[in-house]
1. If I filter the stretch 415-443 down to residues being aliphatic (A, V, I, L, M) and crowded, with 18+ Cβ neighbours inside 10 Å, which single residue comes out as nearest to the chain's Cα centre (by Cα)?
2. I'm checking my understanding of the structure. Among residues of the stretch 448-461 that are surrounded by 12 or more Cβ atoms within 10 Å (Cβ to Cβ) and not in a loop (DSSP other than H, G, I, E, B), which one is modelled with the highest pLDDT?
3. Could you please let me know if Arg497 is among the basic types (Lys, Arg), more than 25 Å from Thr299 (Cα to Cα) and not in a strand (DSSP E or B)?
4. For the stretch 15-41, name all the residues that are surrounded by 12 or more Cβ atoms within 10 Å (Cβ to Cβ), closer than 23 Å to Ala349 by Cβ and at pLDDT 50 or above.
5. Within the stretch 62-88, track down each residue that is surrounded by 24 or more Cβ atoms within 10 Å (Cβ to Cβ) and hydroxyl-bearing (Ser, Thr, Tyr).
6. Does Ala140 fit the bill of being of a type in the set (A, V, I, L, M), more than 20 Å from Phe330 (Cβ to Cβ), touching a strand residue (DSSP E or B) at 6+ places or on another chain (Cβ under 8 Å) and assigned to a loop (DSSP other than H, G, I, E, B)?
7. Does at least one position in the stretch 301-313 carry a residue that is farther than 27 Å from Gly561 by Cβ, in contact with a strand residue (DSSP E or B) (Cβ under 6 Å, 6 or more places away or on another chain) and not aliphatic (A, V, I, L, M)?
8. Kindly indicate whether any position in the stretch 572-587 is of a type in the set (Lys, Arg), over 20 Å from Leu424 (Cβ atoms), modelled with pLDDT of 95 or more and crowded, with 18+ Cβ neighbours inside 10 Å.
Amino acid sequence: MHRPIRAALLMLSLTLPATAAAQQPEVGRPALDAATLAPLAAKVGAQVDDAVDSRKAGGMGIALLVDGEVRWTRAAGWADRERRVPFTVDTPVHVGELSRLVLAALTLDLAAQGKLSLDDPIDRLAAVPPIRSRFPDARAITVRDLLTHHAGLPYSRLRGAYRKADAPVETLPDDAWYLAQPTGTVQLVSNLGYERLARALEVAGGAPLEAQLADRIRRPLSLTRLSWQPSDGTARAHREGKTTASMVAREQAALGLVASLADYARFAAALMPGALRAPSPLDTAARAEMTRVQNADVTFDVGNGAGLGWNLATSVRAGVGRVATLVGAFPEHRATLRIALDHGVGVLAVANWDEVDEVIFDLSADAFDALLEQRAGAAPRDRERPLPARIALPRGTGPAPPSALYATPAGLVIAGPRADGFELDFADLRFRANPRGDGWYRVRYDLLGVLPIGFSRLNRVAIAPVVLAGEPVLLGFGGDRYVLAGTALARDPGLSRYARFAGTYRLINPDVLSELAELDGAFLDYADGVLALGYEADFVVSVRPRLPLAEVAENLFVVAGRGANTGEEVRIDVTSDPPRITYSGYVLERSDD
């Protein structure tokens, strides 16, 4: 059930907005005014036009942010292809996870007013429903934990996460609120956490969220199309050249913001460290806190920085420095924001069609690189940049032999020895791990167990079995960051008593999300001390990922491991006939008897 949802024709606008007196760049920083940006604007504008003109698409918009101002915007394509409604810079569009940045800004504004503290226990503000915990020593969840995804709450209850706009609301049951991981130990992205934060903001602010948005952000920034209440003019979703049914997120505060390119760009620009023009929703100190790494002492995050509302990283490219990023995914909508914090430039892009993923990433990344080249002389990213000759192990880790089993966010990995390195079996696919000579291993796909094939992306990824905080784990390295790829898994022969429930299970309560993911069933299997819940998915080849289960009580399990997709509850009902499995709200019934 964790398969991600698979995820512009007409030039409409080219605006170089007139503003009050332009903010002066810092000493030694080249000015990027309209004339300087004109060649880049022409190039990016042509790319946007080509992106929507070369395929049956919806619409796309892009904005260039400089020194706290929106310097250029462009939109093209269709808000509604069937009705021939154009997509403009003022078209409201779903921005998905970019909703979180607005919640973060409202939180910091309330903190500046003294109405809450980032280190307040959240239960003081939003104690209902209570949060269950199987970790007796887990500390209290704070507002900061929710902002940085360190509360330990699961990602979501997947069933009912989205619904068609005309469908009845499916409320979140109380049993969905539990800790999947101990609070503060690892980043676990959670829409539930941000929804909990939204309720806390309403308590602390003494007003509904939408009213606070209007009072503290929309009005000061003169915005009209930034709301959690979609309007009739909101861009329609598109898939394969056709419009699809409008969706509503159950976690509306965390995912359901609707904003025009022009309005969200103005909001994002006002959060930039160099944004000096008034009005701004946040003062200088609050904006600095948003861009401070909050999780430097969280060992299992292996150096991946979390800010307040977005991700932070220091680029390995010379001259780039610190970068804040946030990616939004809503059914058939995508959005991406990236800001070079040390250089005062950024790019926002939005789109409303399903197949846009690589297009929106490449176009916005290229525009970002061009801004950095003009502002800081930074070389553009190398799309095929190889791994460095030597990769250092992160602080606090040491080399270790491969474990036999790893629980990863994508499922079970089985490792076995080879004369040169080791082999990995994942989802019925076999990979070879060959030593590089620095403690890391390069990965190759092993076709039919005989022919190693090096895909270009695999060539830019390395793995290393290490000990981290006393635990054997599998690290990954790619681009410029480490990833906690997996944690060692111990076999549990006692789980053999569930072997008789192994088999194929059909989904008996499908919803919009399962239909979008094209999932209608799963399977349970047991082999050599490992009980796993799996599913079949077709990508380039057919794969069968298996999520290993750890027993926490009779008939109650969690997805084993640390990090994304782990710690979520799975219940096997052995009293029903046929047996049933409940996972993230979905109910599966055995169908192979």
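The values are calculated or read from the model by the stated rules, or taken from the named source; none is laboratory data. What you see is a predicted model, and the numbers here were worked out from it, not measured in a lab. We place every Cβ from the backbone using ideal geometry, glycine too, and count neighbours over all the protein chains shown.
1. The selected residue is Ala427.
2. Among them, the one singled out is Val461.
3. Details: among the basic types (Lys, Arg): yes; more than 25 Å from Thr299 (Cα to Cα): yes; not in a strand (DSSP E or B): yes.
Yes, satisfied.
4. Residues satisfying the conditions are Leu32, Asp33, Ala34, Thr36, Leu37, Ala38, Leu40, Ala41.
5. Passing the criteria: only Thr73.
6. Taking the combined requirement at face value, the residue satisfies it.
7. no
8. Of all residues in the stretch 572-587, those of a type in the set (Lys, Arg) come to 580.
Next, from what is left, pick out any that are over 20 Å from Leu424 (Cβ atoms): 580.
With modelled with pLDDT of 95 or more added as a condition, the list becomes 580.
Narrowing further to those that are crowded, with 18+ Cβ neighbours inside 10 Å: 580.
Checked the stretch 572-587: at least one residue is of a type in the set (Lys, Arg), over 20 Å from Leu424 (Cβ atoms), modelled with pLDDT of 95 or more and crowded, with 18+ Cβ neighbours inside 10 Å.
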